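Some notes on the structure that comes next.
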Amino acid sequence: MVKGIEAGAWGHLVNFHGVDVDTLYREFKCVERKGSHEGQAVTLLRVFKPSEAEKKGVPVTGWETFDSHPDLVHFEGYITKLNEAHLERKIG
């Protein structure tokens with residue numbers, strides 16, 4: 001399911017990666033799934049621009065979409081239950 005960027009992920013992208021708030025709101029979305037990192041339960045995130053997927057004719061149906069199209073992922077990582085985000089820049 002495609003979602004807007006929220007909470008810890010929002011703050012991390014703005015403060016750590018320098019993404020403009022307006023750009024983040026208008027252009028970016030994410031998909032997520034449950035996962036683990038170093039034995040801790042986390043929510044895995046992939047951040048992308050829906051407009052880029054649309055231009056390439058790629059319907060975003062969920063997490064698995066980006067297994068076949070990693071070139072569309074701008075940031076990837078996870079967020080902890082304490083709302084701490086750890087995202088790595090992939091493109092852009």
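Looking only at the range 55-66, filter to residues that are charged (D, E, K, R) and not in a helix (DSSP H, G or I); which one of those is farthest from Lys3 (Cα to Cα)? It comes out as Lys56.
Taken over the range 64-80, the criterion of being buried (at least 17 other Cβ atoms within 10 Å of the Cβ) and under 24 Å from Gly11 (Cβ atoms) is satisfied by Phe66, Leu72, Val73, His74, Phe75, Glu76, Gly77, Tyr78, Ile79. Of the residues Val14, Val21, Val60, the single one that is touching a residue at least 24 places away in the same chain (Cβ under 8 Å) and β-branched (Val, Ile, Thr) is Val60. Output yes when any residue across the range 82-89 is surrounded by 12 or more Cβ atoms within 10 Å (Cβ to Cβ), among the polar types (S, T, N, Q) and out of contact with any strand residue (DSSP E or B) (no Cβ under 8 Å at 6 or more places or on another chain), and no when none is. Looking through the range 82-89, at least one residue is surrounded by 12 or more Cβ atoms within 10 Å (Cβ to Cβ), among the polar types (S, T, N, Q) and out of contact with any strand residue (DSSP E or B) (no Cβ under 8 Å at 6 or more places or on another chain).
Okay, residues lined up against (1) part of a helix (DSSP H, G or I); (2) surrounded by 17 or more Cβ atoms within 10 Å (Cβ to Cβ):
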residue	(1), (2)
His17	no, no
Arg26	yes, no
Gly35	no, no
Val42	no, yes
Arg46	no, yes
Ala53	yes, yes
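Listed by first and then second residue, the pairs with beta-carbon distance under 6 Å, at least 6 apart or on different chains, first residue in the range 27-52 and under 13 Å from Tyr78 (Cβ atoms) and in contact (Cβ under 8 Å) with a residue 24 or more places away in the chain, second of a type in the set (Phe, Trp, Tyr) and not in a strand (DSSP E or B), are Val31/Trp63; Arg33/Trp63; Arg46/Phe66; Val47/Phe28.
Quick note: the coordinates plus some simple rules give every number you see, no bench work behind them. The structure presented is a predicted model; accordingly, all values stated were derived computationally and were not measured. Positions of Cβ are generated from backbone atoms using ideal geometry, with glycine treated the same way; all protein chains shown enter the neighbour counts.
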